[in-house]
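Structure record follows, encoded as structure tokens.
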Amino acid sequence: MIAIQDFERIRADGKIIDESMTAADMFALGSPEKVIEIKWRSHDGIVSLHFPHGVLATVVAGRNFVAINESDAQGRRSLWVLNSDGKKRLQVSDIQEIGAQAEVGSYRWFEGARKNAPNVFGVVFERVSDKSVFQLDIDAEHGNALAIYPMR
């Protein structure tokens, strides 16, 4: 059985974004609203998690994990990997090695992973020092960056 099924993101206005929706479908929902809840079915039952300050979320390829980029009351973001039962598995460090240098940054949005592997997801990392952006392919099982690609 697939661990994560029927993944949905619920906006602050109550409108639902399901996995099958295209960008055009999402625009048809009206003005953008932040997502405050995510929900899915797993072998453990229905999982529903609420994020009052907003969340970006994606199901990781392989459908065993959900990656979330959670906002707090001050607008700071933290990147987490959740197990299929909704429990936090690990937090991905906001310090990444780029060009053999430890760089502090923040995670912005999800992109499709460039590495085709079941437990890998892509995320955009913005370096604090110069606002450069990079796509990172992250291993959801262990939280480490498998590859880093500069973006324009």
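Structure summary
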{"quantity": "Kirkwood Rh, angstrom, segment 75-115 [1 / mean 1/r, Cα pairs]", "calculated": "12.2 Å"}
{"quantity": "Nonlocal amide H pairs with Leu29, under 5 Å, H built at 1.01 Å", "calculated": "none"}
{"quantity": "Computed over segment 29-115, Cα set: Rg, Dmax in Å", "calculated": "14.3, 44"}
{"quantity": "Label-point separation in nm, Arg114 to Met151, each point 7 Å along Cα→Cβ", "calculated": "1.2 nm"}
{"quantity": "Accessible area per residue in Å² at 1.4 Å probe, computed on the chain", "calculated": "55 Å²"}
{"quantity": "Glu141 versus Ile46: modelled label distance in nm, points set 7 Å from Cα along the beta carbon direction", "calculated": "3.2 nm"}
{"quantity": "Amide proton proximity set for Ser132, modelled H, under 5 Å, gap of 5+", "calculated": "Arg127"}
{"quantity": "Shape metrics for the chain, restricted to C-alpha atoms - Rg then Dmax, Å", "calculated": "15.4, 45"}
{"quantity": "R0 of 41 Å, Cβ-Cβ distance Thr22-Arg127: FRET efficiency to nearest 0.05", "calculated": "0.85"}
{"quantity": "Label-zone membership for segment 49-72, site Ser31, 7 angstrom Cα→C-beta point, backbone N under 14 Å", "calculated": "none"}
{"quantity": "Size-normalised alpha-carbon gyration radius of segment 28-68, reference 2.2 N^0.38 Å", "calculated": "1.32"}
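The values are calculated or read from the model by the stated rules, or taken from the named source; none is laboratory data. This structure is a prediction, so every number in the text was calculated from the model and none was measured. As a convention, Cβ positions derive from the backbone with ideal geometry for all residues, glycine included, and neighbour counts pool all protein chains shown. All accessible areas refer to the heavy atoms of the entire protein, side chains included, with ligands and DNA or RNA removed. Shrake-Rupley method; radii C 1.70, N 1.55, O 1.52, S 1.80 Å.
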